[in-house]
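What follows is one structure encoded as structure tokens, with my remarks underneath.
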Amino acid sequence: MIDYNRPKITDYQKAILDSPARFTICEASTKSGKTASHIIWLFEQALSLKLNQRVWWVAPIYQQAEIAFNRMRSQVTYPNFFKVNETKLRLTLPTGSIIEFKSAEKPDNLYGDDVFAAVFDEFTRAREESWFALRTTLTATRGKCKLIGNAKGKKNWGYRLGAKARSGEVDYEYHKITAWDAVAAGILDKEEIIQAKRDLPENVFNELYLAEPNDDASNPFGLDHIRNSIKPLSLNAPIVFGIDLAKSFDWTCIVGLDKKGFICVYKRFQSDWKQTMETIKMTVKGMPCSIDATGVGDPIVEELQRTNYNIEGFKYSSGSKQQLMEGLVTAVQKREISILDGVMRSEMESFEYEYTRTGVRYNAPSGMHDDTVNALALARNCYIKNKGGNNFFVMAT
């Protein structure tokens, strides 16, 4: 029988370790206790396993995996508790379960085994292919994985995975730990953080201590402008709407703006087309509305226009989308529109632009959503078209 007592941990560490989500993504300040706490979690997972069942600690390079290996050995107070293989960085428990410490330097070396739980340490500094390989090892076991690291820019695949978690993806949960959280928990010294802020460039300090990714000069709105535009849902009545319809794995998003141009209605959902149209009709109620009519949206818009002649179909092209998004950029930077915290903020922060031969292309990074951004842009477009006119209150009969 193994007598185990969990070491003392902070509230934010406990929230991550005890999360029911299968995948937790944690972007954290340096020296905030993320490694020490996740060593505890991986040890606990190994305790619950049987002979030859294994868990992994994966780090970007061998030396980092070795550090975690040595820390795991030193954190267990009972001498000779583990059977130790230093060459393979392997610890075997008395139950026969195995903890292995792996390097992500060669992703192909991570394929093959069935892994019952894993920690991906400093994941933002590793290659995405390593995550792909690690993910496959958890398939047969449906094992949990906890990814921990510093924020490292918006083009980093780890940032995109974090944004996926923040957007409410099933089985994913996002956590953020700042240096000030660690100060409040008694892990870091306040004066040391203040001194670090003096010593380091702002962008470096923000990533390493505040878990704030740098803009990478790819965000059209600007992260500061997005933060400055965050407001709660307005209590005023809506006067215009913008709607982005779901395509494949996307979400339908409805955004209503009040007379000041601030968001007062927000709905984001996935449903069949019949229920989607009913939700739109009940929400918009004859008011001016701009809806994405590109592709599958075209017949939906035509059907809705039969009962609401204030609905305008907006078809995306490279030119029309550029114009639409540049209008939203201007509104955000002039603080003429509000942004909701949560999913919308996450999508706004991850939204990207790039210059092409035909103009500027605006899109979410591959594998991520931009439905709230599109709906907000369409709502703003509708607002500008109707501003100052009587169309705000024209109702279909």
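Laboratory data are not the source of any read-out in this text; all were calculated from the coordinates shown. What you are looking at is a predicted structure, and each value in this text was computed from that prediction instead of being measured. In this analysis, Cβ positions are derived from the backbone assuming ideal geometry, glycine residues included, and neighbour counts consider all displayed protein chains.
Rg to Rh ratio, the stretch 212-321, alpha-carbon atoms and Kirkwood radius? Write down the numbers at each step before the final one.
Details: Rg = 15.5 Å, Rh = 15.4 Å.
Over the Cα atoms of the stretch 212-321, Rg/Rh equals 1.01.
Please compute the net charge surrounding Ile16, taking Lys and Arg as +1 and Asp and Glu as -1 over other residues with Cβ under 9 Å from its Cβ.
On the way: positive: Lys14, Lys34, Lys146; negative: Asp18, Glu173.
Net local charge, Ile16 excluded: +1.
Amide H contacts under 5 Å for Ser290: Phe241, Gly242, Ile243, Glu312, restricted to partners 5 or more places along the chain or on a different chain, H placed in the peptide plane at 1.01 Å from N. The radius of gyration of the Cα set in the stretch 1-126, together with its Dmax, comes out at 14.0, 39 angstrom. Relative contact order for the stretch 35-144: 32 percent, from Cα pairs under 8 Å spaced at least 6 residues apart, divided by residue count. How high is the relative contact order of the stretch 13-84, given as a whole-number percent (alpha carbon pairs under 8 Å, six or more residues apart)? For the stretch 13-84, the relative contact order is 25 percent.
May I ask for the Kirkwood hydrodynamic radius of the stretch 11-210, worked out over all distinct Cα pairs and given in angstroms to one decimal?
On the way: mean 1/r = 0.0576 Å⁻¹.
Radius from the Kirkwood sum: 17.3 Å.
Most simply put, the chain has about 40% antiparallel DSSP beta bridges, counting only bridges with both residues inside it.
Compactness ratio for the chain: Cα radius of gyration over 2.2 N^0.38 Å (N = residue count) comes to 1.16. Put simply, when 359-366, 190-197, 80-87 are sorted by average Cβ atoms within 10 angstrom per residue, most first, you get 359-366, 190-197, 80-87. Peptide packing: for 18-31, 59-72, 271-284, the average count of neighbouring Cβ atoms within 10 Å per residue gives the ranking 18-31, 59-72, 271-284, highest mean first. Taking amide H as placed 1.01 Å from N in the peptide plane, Arg54 has its amide H under 5 Å from the amide H of Ile98, Phe116, each at least 5 places away in sequence or on another chain. Ignoring aspartates and glutamates fewer than eight residues from Lys231 along the same chain, the ones with Cα atoms less than 18 angstrom from its Cα are Asp258, Glu336, Asp341, Glu347, Glu349.
By the helix-only formula, in which each DSSP H run with n ≥ 4 contributes -39500 (n - 2.57) and the sum is divided by residues, the chain has a 222 nm mean residue ellipticity of -11000 deg cm²/dmol.
Too long at a 19 Å Cα-Cα cut-off: which of Lys31/Lys197; Lys14/Lys197; Lys8/Lys34? As for pairs spanning more than 19 Å Cα to Cα, those are Lys14/Lys197.
Each Cα pair under 8 Å and six or more residues apart adds its sequence gap; the mean of these over the residue count of the chain is a relative contact order of 16 percent. The convex hull of the Cα atoms of the stretch 106-167, projected and averaged over all directions, covers 4.2 nm². Dividing the alpha-carbon radius of gyration of the stretch 223-393 by the rule-of-thumb value 2.2 N^0.38 Å gives 0.96.
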